[in-house]
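The values are calculated or read from the model by the stated rules, or taken from the named source; none is laboratory data. Quick caveat: nothing in here was measured; it's all calculated off a predicted structure. With ideal geometry, Cβ positions are generated from the backbone for all residues, glycine too; neighbour counts draw on all protein chains shown.
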Amino acid sequence: MGLVAGYPGTPSSEIIETLVELKSERPPHVEWSVNEKVALEVAAGASWTDCRAAATMKHVGLNVAADPFMTLAYLGVGAGLVVICADDPYCHSSQNEQDSRRYAQFAGIPCLDPANPGEAKEMTVFAFELSEKFNIPVMLRPTTRVSHAREDVDMGQAAAPCGPGRFIKNPARRVALPSHARPLHSELLAKQAAMEEALESAPWNRLDLHGNVGIIASGIAGLYAKEAIFDLDEELSFLCIGAYPLPKKLISRMLMHVSRVIVIEELEPVVEEQVKMLALKVNPHVEILGKEGFIPREGELDYLQVRNAIARMLGKAERVAAKNADVSCLPPRPPSLCAGCSHRATYYAMRKVFGKNAIYPSDIGCYTMAMGMGTVDTCLCMGASITLASGIRLGGEKEGICCSLGDSTFLHGGMTGLLNAAYNKARITVTILDNSTTAMTGHQPNPGTGMTASGEVTTQVSIEALAKALGAGLVETVDPYHLDETLESFQRAKDYPGLSVIIARQPCVIKARRSGIRRRSFQVGEDCIGCKICLDFSCPAIEFEKDKARINALCTGCGVCAAICSTSAIREVAR
Amino acid sequence: MRTSECDMVIVGVGGQGVILISDVIGRAAVMAGKPVCGAETHGMAQRGGSVINHTRIGCRFSPMVTSGGADVLVALEPAEALRFADFLSPTGVVLVNTRPVLPSTVTCGKARYPPVQEILAPLKARCSKVIAMDATALAEKAGTAQAMNVVMLGALAGYIPLSEELILQALSLVVPQRFQEANKKAFALGKAEVE
């Protein structure tokens, strides 16, 4: 591999982070790109320069990259090009649970769907070869349970790095003019049969014919099914699917061998639909079970669900899940903003100035966890806070509108929205919560940090200059730990008769602690009257004990609670 | 029919070192030549949320332990033991650190943290054995409260099909040099609790 580009997103972020640490004689160029569209285009450029390349992203990132993704299938590759798209069934940390196998099918490119880390490693090697063989991008689609699994994997030998590449001009293949696109579309369609043929014998599409009842299962569901077959000790026919386009010959052999078959896959019935269509041709009498009543179309599957679906098909006893423990005595442990997180301080000031009737479109990042503060009214997709705010204003809303998004989210998908708001005269306030990192996904650098993925110093873009250049009329930067200053700034933004931008800048507390920043200490004096105003600030460092507030060891010394306290009872401890 | 040699679920709160226990067991299993797999949910670990890890020794299937299937449940925090008790097999063992970590819902007065006995009682009804210890105090005795997870690892060692020697060898690979001694002590104190 010569180049890897990606944008952080759970559960895909660790790929770039691991590759950056890779020590080799000629390490690949590894970058955090500004967003997924950019990452895929950078990877495509490298591929066209005869340099093997990959783009990494989470499933919703592929929506951002969908534009180049769809047309790259027409234009093809130079050296191998792999799109690693990590899906998140059950939305462990995502806004939806879309199934990227649909995208691969839509674009007409192969998709490899690993069941475990070992397969993911083998498939990655295979994906580059497949990409080069068929002159097409290939998708690798690990799900959360594959991305965040560990196991013993035989590492093997790393392939030799590719040599210095050259871009060969070839307009008929690289310029998607209508006159070029039409024949390229025909070519793409013509490739399908050959790709399908090649994947019939891929090691991840395996058919074992035994009894006249069968199971077809894909990805991690294949492992659950294998475990269930072993557990139930039945002679079942089994077709394991790991590579798409689907192996129609293997499926047909299965359908002709069995009288009843269950299709087990997470999320969408991608395999099931094809199986049903094929059955019409090869064995219309076979009974096909799947998403209707047996396998849920949403969420993650688990072993018990799969085992019980198979047992039910066989008329055997289902295993009852352990009775749920009564956890009503337990306090909830929701994830929350850290003690001293500057987002809390910014939101506190924002709410104080704009009031409870204002509209607060928000975005994707740690700050979405501040929903309880009343400043998160929407969360749609990366950067949508600004554009939704614009639409809400232009749609007729008369109340104050103050939207918010983080620095990385602004640079990823917010800049065009800000430009649009300026151009179309949306009178809104945009708050950029600048903690100088991509905190939610594990503190990756971004163009505002002046640091690349590999830790090299680079151009540090000025968010102030960007906001002004994109057309904001009022641009102010505040330190959210200084409450008075922040309140005044928000007031000016609220009163401003145009598009205003507040940049609330304070490093993420986790990063600050790691870099050795130590702040002041605070304690609550005897004069605390127990008014609980500080508790409403909901900082985990503030506890309530015997009618008085108390500052615990989590305190990072931001001092905002001292500014909020109604009786000035929270005071700095003299060192 | 059993589909793995030993299934365990390790739970706790972000920062307590759940993943380190799984990491050590994984390495020890590889040294012993046994297939091993694991998976975890850790996305919110740094934001005060729960962390859960599944580890399966001698297993060639999925890394996920099934409901009612855990031979051992290791809880680095008592409330988390009950929160994930559904995983415990009726014949399983639960190892609990009795030192609570209060969630913000409790410290700000919105929820109550139950007495530890109230947590342990329902656990006893769900499995064959509950072993409770103040692992945090034992770790402090060993030299650092941070080694609480290693105290629990020491207690766990007797319940998994891996030799103590290999576990200690794997532990030495993941712990920084300056904490080696404290961790060895912590391991021994945990082990002594179950003997």
Does the stretch A:99-112 contain at least one residue that is out of contact with any His (no Cβ under 9 Å at 6 or more places or on another chain) and within 14 Å of chain B (Cβ to nearest Cβ)? no
Residues A:Ile288, A:Ile262: which one is under 16 Å from A:Leu207 (Cα atoms) and part of a strand (DSSP E or B)? A:Ile262
Name the residues in the stretch B:78-96 that are more than 9 Å from chain A (Cβ to nearest Cβ) and touching a Pro at 6+ places or on another chain (Cβ under 7 Å), would you? B:Pro78, B:Val96
Hey, does the stretch A:523-536 have a residue that's exposed (fewer than 15 other Cβ atoms within 10 Å of the Cβ), closer than 28 Å to A:Pro334 by Cβ and of a type in the set (Lys, Arg)? no
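Tell me which strands (runs of 3 or more DSSP E) are completely within the stretch B:15-109 and hold 3 or more residues being of a type in the set (Gly, Ala, Ser), or say none if there are none. Break it down into steps so the answer makes sense when it comes.
Numbers: elements: B:36-41, B:50-57, B:70-75, B:88-97.
Those strands (runs of 3 or more DSSP E) do not exist here; none qualify.
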From the options A:Lys316, A:Lys323, residue that is under 24 Å from B:Pro90 (Cβ atoms), touching a residue at least 24 places away in the same chain (Cβ under 8 Å), not in a helix (DSSP H, G or I) and not acidic (Asp, Glu): A:Lys316
Would you be able to say whether some residue in the stretch A:71-80 is surrounded by fewer than 23 Cβ atoms within 10 Å (Cβ to Cβ), away from chain B (no Cβ under 14 Å) and closer than 24 Å to A:Thr18 by Cβ? yes
Could you check the stretch A:82-154 for helices (runs of 4 or more DSSP H) lying wholly inside it with 2 or more residues that are touching a Cys at 6+ places or on another chain (Cβ under 7 Å) and under 19 Å from A:Arg297 (Cα atoms)? A:100-107
One residue is enough: does the stretch A:396-404 have a residue meeting the conditions farther than 18 Å from A:Arg492 by Cα, crowded, with 23+ Cβ neighbours inside 10 Å, assigned by TED's automatic domain parsing to the domain that holds A:Leu474 and not polar (S, T, N, Q)? no
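Restricting to the stretch A:318-343, give me the number of residues that are among the polar types (S, T, N, Q), over 23 Å from the mean Cα position of the chain (by Cα) and facing another protein chain (nearest Cβ under 7 Å). Working first, answer last.
From the stretch A:318-343, those among the polar types (S, T, N, Q) are A:324, A:328, A:336, A:342; that's our starting set.
Now drop any that are not over 23 Å from the mean Cα position of the chain (by Cα), which leaves A:324, A:328, A:342.
Retained after the next criterion (residues that are facing another protein chain (nearest Cβ under 7 Å)): A:324.
Adding up the residues that qualify gives 1.
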Residues of the stretch B:120-147 being free of Cβ contacts under 8 Å to residues at least 60 places away in the same chain and in contact with a strand residue (DSSP E or B) (Cβ under 8 Å, 6 or more places away or on another chain), which ones? B:Leu120, B:Leu123, B:Lys124, B:Arg126, B:Cys127, B:Ser128, B:Lys129, B:Val130, B:Ala132, B:Asp134, B:Ala135, B:Thr136
Do we have any residue at all in the stretch A:507-521 that's in contact with a Leu (Cβ under 9 Å, 6 or more places away or on another chain) and part of a loop (DSSP other than H, G, I, E, B)? no
So A:Val376, is it buried (at least 18 other Cβ atoms within 10 Å of the Cβ), in the same structural domain as A:Gly442 (by TED's automatic domain parsing), of a type in the set (A, V, I, L, M, F, W, C) and not in a helix (DSSP H, G or I): yes
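Test A:Leu388 against the stated conditions and say whether it is more than 16 Å from A:Asn435 (Cβ to Cβ), of a type in the set (A, V, I, L, M) and away from chain B (no Cβ under 14 Å). Walk me through it before giving the result.
Details: more than 16 Å from A:Asn435 (Cβ to Cβ): yes; of a type in the set (A, V, I, L, M): yes; away from chain B (no Cβ under 14 Å): yes.
For A:Leu388, the condition - more than 16 Å from A:Asn435 (Cβ to Cβ), of a type in the set (A, V, I, L, M) and away from chain B (no Cβ under 14 Å) - is met.
Can you say whether B:Arg99 is of a type in the set (Lys, Arg) and more than 21 Å from B:Gly14 (Cβ to Cβ), as far as the supplied structure shows?
Working: of a type in the set (Lys, Arg): yes; more than 21 Å from B:Gly14 (Cβ to Cβ): no.
It is false that B:Arg99 is of a type in the set (Lys, Arg) and more than 21 Å from B:Gly14 (Cβ to Cβ).
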Checking A:Leu487 against (1) touching a helix residue (DSSP H, G or I) at 6+ places or on another chain (Cβ under 6 Å); (2) in a strand (DSSP E or B); (3) surrounded by fewer than 20 Cβ atoms within 10 Å (Cβ to Cβ): exactly one of these is not met. Which one? (2)
Are any residues in the stretch B:110-120 aliphatic (A, V, I, L, M), more than 7 Å from chain A (Cβ to nearest Cβ) and assigned to a loop (DSSP other than H, G, I, E, B), and if so, which ones? none
Among the numbered criteria (1) over 20 Å from B:Val74 (Cα atoms); (2) within 12 Å of chain A (Cβ to nearest Cβ); (3) modelled with pLDDT of 95 or more, which single criterion is violated by B:Ser104? (3)
